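First up is the structure itself, then whatever we jot down about it.
Derivation of every value follows stated rules applied to the coordinates shown; laboratory data play no part. None of these values were measured; they are calculated from a predicted model. Ideal geometry is used to build each Cβ from the backbone, glycine not excepted, and the neighbour counts take in all protein chains shown.
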Amino acid sequence: MMANDVKVLRPPAEVLYADELAALAKADRDPRPPGWKLSPRAVRSFICGGKKPAIERKFFGDDVLVERAIVGLAGNRGLLLVGEPGTAKSMLSELLAAAVSGCSTNTIQGTAGTTEDQIKYSWNYALLLAEGPSPRALVPGALHVGMSQGVLVRFEEITRCPPEIQDTLVSVLSDKLMTIPELHGADRVLLARPGFNVIATANIRDRGVHEMSSALKRRFNFETVHPIGELDQEVKLVLTECQRLLQESSVEVTIDREVIELLVTTFQDLRAGVTAEGVQIERPSTVMSTAEAVSVGLQAGLDAFYYGERRLTPEFIGRHLAGSAIKDDADDLKKLKHYFDVVVRERSKTKGGVWESFLKSRKYLR
């Protein structure tokens, strides 16, 4: 746990929302699964918001999905959150771990270079050479920590790991034990304590992913996290996150809701390939996710603070939109220009205001 007076770039959820977690724990009278810090009802309130005690909503999506995820973690299977990039899978995973275990940092980051040692355990080689294999020489990985302490393990981007590395989890999720062949006696087998489970995330669209084995799939409950469909919900989330991130950067910028609504509407139009007016447009190859919208809002806010009048305007949104929408395919620039020429230009005539200012930023698309 970090000291309250230590500044960090991104505090984990259990630190950021420590007051809410403490209030929920104090008021929680419902039954808790073994090893859990909060009851399933309180975990849901922490993520989806509540009135008594007053808890802000953090995940803007399907509340029933959240309930299924919580119930699944209380069972004997792991939880796998799948979906397109930027749909808040990692955020939901972090919130669940913070509420259930009080710790969201027991994490494995899946990459092509992730090894079995990084997942399970490794050795302090100085002690290993001096004393031989012993519990003191063992350096626990996230999976070992989760089992020995009875806390959740977060496995981010699990499908980026090669299949043989993914399958490290098969026996652990099946038997809830880990064999450490180098040790002897009672230390040779680590039995998971109550509260242990695994929350994994996987993208369904990114390149460079590996198919999971059927054996591993059977040991997870799959939940698909979809992009936010309601405009008001996504606007509220993007606005809240942009304000929080700018505040953490010690940046004071005036942000009007209508500018964020313009940003989110643009992303929803490009994501769906059709506007609210029924105009068909070509979708960029890049995923126009909520996370990308937050990134554009943040960069535009920083730009407005350092080079503008400290007010976020549509022109600053346009200055940073290309960097989000154009990544993998050069043709995406043509699609974005076409969106400005057809959709933004028409809205500037019919609605004026922010859309008229937004059209002026087309000159930055180059």
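Separation of the stretch 337-358 and the stretch 239-267 by C-alpha centroid, Å? Going from one Cα centre to the other spans 20 Å.
Per DSSP H run of at least 4 residues, take -39500 (n - 2.57); add these up for the chain, divide by its residues and hand me the 222 nm value, nearest 500 deg cm²/dmol.
Mean residue ellipticity at 222 nm (helix-derived): -13000 deg cm²/dmol.
When each of the peptides 163-176, 191-204 is scored by the mean number of other C-beta atoms lying within 10 Å of its residues, the order from highest to lowest reads 191-204, 163-176. Here's the list of lysines a cross-link from Lys351 could span, going by alpha-carbon distance under 22 Å and ignoring same-chain residues fewer than 8 apart: Lys236, Lys337, Lys360, Lys363. Distance between the modelled labels on Tyr307 and Val342, one decimal in nanometres: 3.0 nm (7 Å Cα→Cβ projection). Considering only Phe316, Leu231, Ala54, and ranking their Cα positions along the charge dipole of the chain that arises from unit charges at the beta-carbon of Lys, Arg, Asp and Glu, the one farthest toward the positive end is Ala54.
For the stretch 188-291, the share of alpha carbon pairs falling in successive 10 Å distance bins from zero is 11, 28, 27, 22, 10, 3, 0 percent.
When each of the peptides 6-18, 283-295, 335-347 is scored by the mean number of other C-beta atoms lying within 10 Å of its residues, the order from highest to lowest reads 283-295, 335-347, 6-18. Using a simple spin-label model with pseudo-atoms 7 Å out from Cα toward Cβ, Asp232 and Ala276 lie 1.2 nm apart.
Listed by chain and number, the aspartates and glutamates placed with their C-alpha closer than 16 angstrom to that of Lys217 are Glu156, Glu157, Glu164, Asp167, Asp175; residues fewer than eight positions away on the same chain are left out. Excluding same-chain neighbours fewer than eight residues apart, the lysines reachable from Lys26 by a Cα-Cα span under 17 Å are Lys37, Lys51, Lys52. Each of the peptides 109-119, 297-307, 65-75 was scored by the mean count of other Cβ atoms within 10 Å over its residues; in descending order, highest first, they stand as 297-307, 65-75, 109-119. Considering every alpha-carbon pair of the stretch 109-200, the percent of pairs per 5 Å bin, from zero through the bin containing the longest distance, is 3, 14, 23, 25, 18, 12, 5, 0. Note on Trp123, Trp355: ascending count of other Cβ atoms within 10 Å places them as Trp123, Trp355, the fewest first.
Magnitude of the charge dipole for the stretch 1-106, about its Cα centre and with charges confined to Cβ atoms of Lys, Arg (+1) and Asp, Glu (-1), is about 220 debye.
How much length, in nm to one decimal, is gained on full extension between Val189 and Arg29, taken as 0.36 nm per residue of separation minus their Cα-Cα distance? Please list the in-between numbers first.
Details: separation 160, 0.36 × 160 = 57.60 nm, distance 3.57 nm.
Gain on stretching Val189 to Arg29: 54.0 nm.
Seen from all directions on average, the chain presents a Cα convex hull projection of 21.4 nm². In a reduced charge model with +1 at each Lys and Arg Cβ and -1 at each Asp and Glu Cβ, the chain shows a dipole moment near 400 debye about its Cα centre. Near Gly150, the amide H atoms lying under 5 Å from its own belong to Arg193; only residues 5 or more places off or on other chains count, and H is placed 1.01 Å from N.
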